[in-house]
Each structure stands twice: as structure tokens, then as C-alpha cells.
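Here the structure comes first, spelled out in C-alpha cells, and everything after it is commentary.
Readers should treat all values here as calculations from the given coordinates under stated rules, not as data from a laboratory. Keep in mind the model is a prediction, meaning the values are calculated, not measured. Quick reminder, even Gly has a Cβ in these numbers, built from the backbone with ideal geometry, and neighbours come from all protein chains shown.
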Amino acid sequence: MEKMMKAAFLERFHEPLVLRNVPVPEPGPGEVLIKVRGCGLCPTDLHIREGRIASIRPPYIPGHEVAGTVEALGEGVTGHPLGEHVVVGIDVVCGTCDMCRRGMEHLCRNRVRIGFERNGGQAEYCCVPAECLVPIRADIPLDEACIIPDAVACMYHAIKDVGSVRPGDRILIYGAGSLGIQGVQIAKTIGAHVTVAGRTQAKLDASREAGADALINTREEDLEAESARLTGGLGFDVIFDMIGIQETIDRLLHLTRPAGKLVLVGYAAETFSVNTQETVVKEKQILGIRGSTRQNLRDCVRLVEEGILKPYIYKKYPLEEINTALGELEHLTNVGRVTLSMP
Ligand SMILES: [Zn+2]
Ligand SMILES: [Zn+2]
């Protein structure tokens, strides 16, 4: 008899996901069948559901923050014992294009993504290419480790590679969502002085718990005045804009010191314009960031294993309650990541 599994399908845009019983997929050559034990939910999952990502073709199974155990190996796969605990890198890359050859496989020109252009982890099982697997120590809970490939590694890449944050740098994380809170921990491990600005006190409190040195509640405090006070009027060395709209980019660029960096992690606007004096004459840099490299992911797994980083989880839901879980993201009620937890 064919083995069956529960999976949450995006059947149609703008509609709740639908739980279906479908056959467990067979791993093809070079693939591994993962028994999913945790799958993080990301604001991008809402963009996917609402049809805002052009490459998505329903019906399919979303879910791009996947962790689990190795259940079966496809043809030609070696080096992964059955039962091994793994997190799954999101990008399936070609390995041969110019960006892959530069070691920037997160910008692979031929990439497809797990949970986007191919089935993801909002299911009891998921097939992924073996090269996406990063083993993780068995005592790390997989329904927490699942957010490492996205929420953790993405901020690690933003802070370490793109922002090039150095010890003693004064940085500002603008937006205390689930990535912002992860970013606090990462920046503290580097030895930066971390300010977090946000509108929701509970999220600011969580940022403090994660190690933030200073908080700015933008509902109650003046962002410009507080920034001037915290930096002695010099401006921040590096600012991470987690929102990415015209207003935030413009304001935050003014809060960046000359030759400082404004890193756009969030992007909500199609275009933006900036002041020439601020960018050209003051040599300020505006930088984009997307995802993370496989080495970033391996680094983050190590940092979690060593207890230096802790995936910041707000709530865990069973797969059956996926639509309720997505509702938390929709209404911004989550303080930190929401994950699906499978037995
Ligand atoms: Zn994501
Ligand atoms: Zn490539």
C-alpha cells in the first residue's frame, strides 16, 4: 500500500491553505526524503498566498524554513545516515554559473527555491536535493532549528557580509520583527552596540531580552533626537532597514554617518529616491541583501549548536493549524518566528 502524508496545499491565491492526504513523495536521483519535524513561517508565505510572487504556480506545498530527519535516500546519495538531523538550505543552485563560481550561490542565476518553485515543508515529508542539507546536532529542537536557513542565516549574511559590522560599531536595526530580533543576537556576538527601533513595545522588550543595548519606541520617542543622543550626533555606522519603504529609506539615510552603510533587508516599495548630498557627497552606501550563502547557514548552525545564537521562536503550531498560524503573521501579533511543529 502506498504511504500517505498530510500536506498543506496552496490551491488558489488569496484563499486559506488546504490540508490534503497525498502519497509520500519518492526521492529522485540526488535527493533525500526528509521527515519534516519543523517548518518556520515567514512573512513571504503571505506574499506567496496572495499571489505576489510571480514564479509561484499553485497547487503546490509552500514552506521554505525546513528541518527534519533523513528518512530515505535517492539514487547516488551518500554521506547522510538515516535518522540524521538536518536543516535544509532554501536555494537549489546550479553550481556552474558565474555567481555560483564566485561563491555567491545565493545569487545563482538558475536557482529554484524549496517552498517556492518546488514543494516545501508544510507537510509531513519533503524531498530535497542532498546538497541542501546541513546536519545539526540531535539535541537542538528541530521545530526551532528550522528557522536557521531563513530568519537567522539571512540576518547573519546581512550583518556580517553585507553590513560588514565590526566590534564597537554603533548599529541601528529599524523594525523589531522576527528577523530584527535575530539580528540583535548576531550583532552582539560581533561586539556591536545595538539599537533597535520599533513601534510595538512587546517586540522591543524581546529585542532587549535578545541583547539590544538601546531601544527607541518610535510611537513615543523622536527617532532623530534619540539617534543623535545615542551616537553623539555622529550617526550610526550601519543601519538595517527591515521595512524598506520610501519614508524609512529617506529617514534612515540621514541617520547614517558619512561613509556608513544603509542595508535594505526589507523591501516593500518598487522604487525609491534618495538625496544626492547624502549619498554622493557623504559617500553613504545603500546596499541590498538577499538570503544567505550555504557557508552562512553552516556558520549559523554551528553558532546555535554552541549556544551562541538561539532561534527566537514565538509560538509553535501543529500542521493542522497552519491557517491560524499564518493569521498571526497577517495581524503582526507574533513576537519572533512562528513555526509548525510535527511529531
Ligand atoms: Zn522567508
Ligand atoms: Zn548558479
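Structure above, values below:
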item: Relative contact order (percent, whole number), the chain, Cα cutoff 8 Å, 6+ residue spacing; result: 18
item: Under the span-like rule (Cα at least 15 Å along the axis, Kyte-Doolittle mean at least -1.0), DSSP H helices of the chain; result: 178-190, 294-305
item: For ILE136, distant residues with modelled amide H under 5 Å away; result: HIS85, VAL86, VAL87
item: Using a Förster distance of 45 Å, the FRET efficiency for THR279-MET1 (Cβ separation, nearest 0.05); result: 0.10
item: The stretch 242-343: GluC sites (Glu not before Pro) in DSSP loop, at most 15 other beta carbons within 10 Å; result: GLU270, GLU283, GLU306
item: Of the GluC sites (Glu not before Pro) in the stretch 156-241, those whose Cβ has at most 16 other Cβ within 10 Å and which sit in DSSP loop; result: GLU220, GLU221
item: ASN323/GLU209 FRET efficiency (R0 22 Å; Cβ-Cβ; nearest 0.05); result: 0.15
item: Protection proxy ranking of 260-266, 23-29 - average other beta-carbon atoms within 10 Å, highest first; result: 260-266, 23-29
item: Cα→Cβ-extended label distance, 7 Å offset, between GLU220 and MET104, nm; result: 4.3
item: Kirkwood Rh and Cα Rg combined as Rg over Rh, evaluated for the chain; result: 0.98
item: Value of relative contact order over the stretch 152-288, rounded to a whole percent, pairs C-alpha under 8 Å and six or more apart; result: 21
item: Qualifying GluC sites (Glu not before Pro) in the stretch 107-188, DSSP loop, other Cβ atoms within 10 Å at most 15; result: GLU117
item: Computed helical MRE - 222 nm, the chain, DSSP H runs ≥ 4 contributing -39500 (n - 2.57), nearest 500; result: -6500 deg cm²/dmol
item: Theoretical FRET efficiency, 1/(1+(r/R0)^6), r = Cβ-Cβ of PHE13 and THR200, R0 30 Å, to 0.05; result: 0.55
item: Nearby lysines by direct alpha-carbon distance to LYS35 (threshold 24 angstrom, same-chain neighbours under 8 apart not counted); result: LYS3, LYS6, LYS310, LYS315, LYS316
